[in-house]
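Input: a single structure, listed below in structure tokens.
The values are calculated or read from the model by the stated rules, or taken from the named source; none is laboratory data. Since we're looking at a predicted model, the values are computed, not measured. Backbone-built Cβ (ideal geometry, glycine too); neighbour counts: all protein chains shown. Heads up: the accessible areas ignore ligands, DNA and RNA and are worked out on the full protein's heavy atoms, side chains in. Shrake-Rupley method; radii C 1.70, N 1.55, O 1.52, S 1.80 Å.
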Amino acid sequence: QLQLVESGGGLVQPGGSLTLSCAASGGTLDNYAIGWFRQVPGKEREGVSCISTNGGAIKYADSVKGRFTISRDNAKNTMYLQMNSLKSEDTAVYYCAAASGGLCVSPWNYWGQGAQVTVSS
């Protein structure tokens, strides 16, 4: 069974950058579609970005397009979310996820534990 462990969250100033990592074990990450989601207390979880197994489908939420980049390193069996030009409204708990179907659609079968990202001066 695939397990995902997140790291890299923290506090960053507006305009700064941060990269989240999500290390996989129990499976090969390149066999899955991967995605990043975020949630603010009191609000619905929203999709941030995802990429299919073959890389043919890459999606970004309009709010992060041009600032965030999703990627995976097959050698390290790890996925990343590079976040640049961060804004206060990016503050949230970020979750990595993987889909067995290999496409950027539900269901998302495996989830990381969440990483807090706080953007504040």
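Quick notes on this structure:
- Rounded to the nearest 20 debye, the dipole size of the stretch 46-104 about its Cα centre is 160 debye, using +1 on the Cβ of Lys and Arg and -1 on the Cβ of Asp and Glu.
- Carbon plus sulfur fraction of accessible area for the chain, probe 1.4 Å, in percent: 47 percent
- Length-normalised contact order of the chain in % [C-alpha pairs under 8 Å, at least 6 apart]: 36 percent
- Taken one residue at a time, the phi angles of the stretch 25-42 give Karplus couplings (6.51, -1.76, 1.60, θ = phi - 60°) of 9, x, x, 9, 5, 6, 8, 10, 6, 10, x, 10, 10, 9, 9, 9, x, x Hz. Gly and Pro are set to x.
- HN-Hα J in Hz across the stretch 8-21 - Karplus 6.51, -1.76, 1.60, θ = phi - 60°, x for Gly and Pro: x, x, x, 9, 9, 7, x, x, x, 10, 7, 10, 8, 10
- Counting 0.36 nm for each residue step from Q116 to A61 and taking away their Cα separation leaves a gain of 17.9 nm.
- The distance from the alpha carbon centre of the stretch 88-105 to that of the stretch 48-83 is 9 Å, rounded to a whole number.
- Magnitude of the charge dipole, the chain, Cβ model with Lys/Arg +1 and Asp/Glu -1, debye to 20: 80 debye
- Residues whose amide H comes within less than 5 Å of that of Q113, counting only those at least five positions distant or on another chain, are E6 (H built at 1.01 Å from N in the peptide plane).
- Here's the picture: a label point sits 7 Å out from the Cα of N84 along the beta-carbon direction, and within the stretch 42-75 the residues with their amide nitrogen under 13 Å of it are 65-70.
- Mean accessible surface per residue for the stretch 1-69, computed with a 1.4 Å probe while every protein chain stays in place, in Å²: 54 Å²
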